[in-house]
1. According to a simple spin-label model (label point 7 Å from Cα along Cα-to-Cβ), what is the distance in nm between HIS228 and GLN55?
2. Based on the alpha-carbon gyration tensor of the stretch 104-254 and its eigenvalue square roots a ≥ b ≥ c, which shape applies: rounded if a/c is under 1.5, prolate if not and a/b is larger than b/c, or oblate?
3. What does DSSP give for the stretch 104-254 in terms of the percent of beta bridges that are antiparallel, rounded to the nearest 5?
4. Check which residues have an amide H placed less than 5 Å from VAL50's amide H, if you skip close sequence neighbours.
5. Taking the Cα centroid of the stretch 243-290 and of the stretch 43-115, what is the distance between the two, rounded to the nearest whole Å?
6. Explain nothing, just compute: Karplus ³J(HN,Hα) = 6.51 cos²θ - 1.76 cosθ + 1.60, θ = phi - 60°, for every residue of the stretch 39-53 in order, whole Hz, x for Gly and Pro.
7. Please state the shape class of the chain: rounded when a/c is under 1.5, otherwise prolate if a/b exceeds b/c and oblate if not, all from the C-alpha gyration tensor.
8. Short version: ³J(HN,Hα) in whole Hz for each residue of the stretch 135-150, in order, from phi by Karplus 6.51 cos²θ - 1.76 cosθ + 1.60 (θ = phi - 60°), x for Gly and Pro, what are they?
Amino acid sequence: MKIKLLLAALIATVFVSAASAQSLNGAGATFPNPIYTKWFSEYHNAHPEVTINYQGIGSGGGIRQVTAGTVDFGATDGPMTDQQLADAKKAGHDLLHIPTVLGAVVPIYNLPGMKFPLKFSGDVLADIYLGKITMWNDPRLVKDNPNANLPAQNILIVHRSDGSGTSYIWTDYLSKVSPAWAGGPGRNTAVNWPMGIGGKGNEGVAGMVRQNPGAIGYVELIYALQNHMDYGLVKGANGKWVQASIQSVTNAAASAKIPADFRVSITNAPGEEAYPIASFTWLLIPKNSADPAKGKVLVDFVNWMLDHGESEVNGLSYAPLPASVAANVRKAIMSVH
């Protein structure tokens, strides 16, 4: 009799566990992929009944998939436009932008023998990507780097081939510092690149630059560090040369006015020692999940992120959310069901 009761209890436990188990799927930005991979794994360790699967397919892909309802959440480094949000709502998905961390996009290059990091002003970067500056020993580059002994070598431009929040951050910055860029390719997750070759994801761009001497590209800071690649200093809004770091990204966020929906650009920020190509990155979470149990998990995950995950971001060269933003995120996520 005792054996039957124990067996019945075991079966009941299995059924309850199976019923409470949740598997969530998300897709989008590669910019935060290293920290998301870490977080989702740690959250699963703390909540074994929950598995969060994430594919870094680019911000454009994340926006498309969450709009179509084929994933439980998306992720982007470029905030959705009013029209994109309206299209998602029309499709039955009223989406929240939930900021998670801040990061930096850096110009990477492959020029063996450089003793010091190169310096890039925004107008020079724009004109390189517009095809107006084609050689590494161009007078404008030499002027900013007088001791670099820049070679008489063609510049190979590498950009993203996929819809990308990293590209949005890069082109948002170029649009602010270059009228020619603003009136030409403009800012978007995908633009008509005047020059260059494409790589898929931050990994693809880093790989292309690493394999081709004379190449220049742009990636999130962690990808430059992980691949041991040279990356340049960028002239800030106050005229100083600024290196990407946790502190200089934090400085960029400090002067920003954060709107209620968290959609904000902090490129070319005026703050002292503010790195100019910095950005928040966001999760795109439906206010009303098709499965309320999954909505509950997403709410719990965001609160876990604020309580535990934010303290880990420095180790992967991201900057944590400012305390005021974190407090408002905690309020905003309460609207998810």
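1. 3.3 nm
2. Rounded, since a/c falls under 1.5.
3. Taking every DSSP beta bridge with both residues in the stretch 104-254, the antiparallel ones total about 60 percent.
4. The list, which skips near neighbours in sequence, is GLN22.
5. Result: 15 Å between the Cα centres.
6. 4, 5, 5, 5, 5, 5, 4, 7, 9, x, 7, 10, 10, 10, 9
7. prolate
8. 10, 5, 9, 4, x, 6, 5, 5, 4, 7, 9, x, 9, 8, 6, 5
Every read-out reported here was derived from the displayed coordinates using simple, explicitly stated rules and does not represent laboratory data. For clarity, every value in this text was computed on a predicted model and none was experimentally measured. Every residue, glycine as well, gets a Cβ built from its backbone with ideal geometry; the counts of neighbours run over all protein chains shown.
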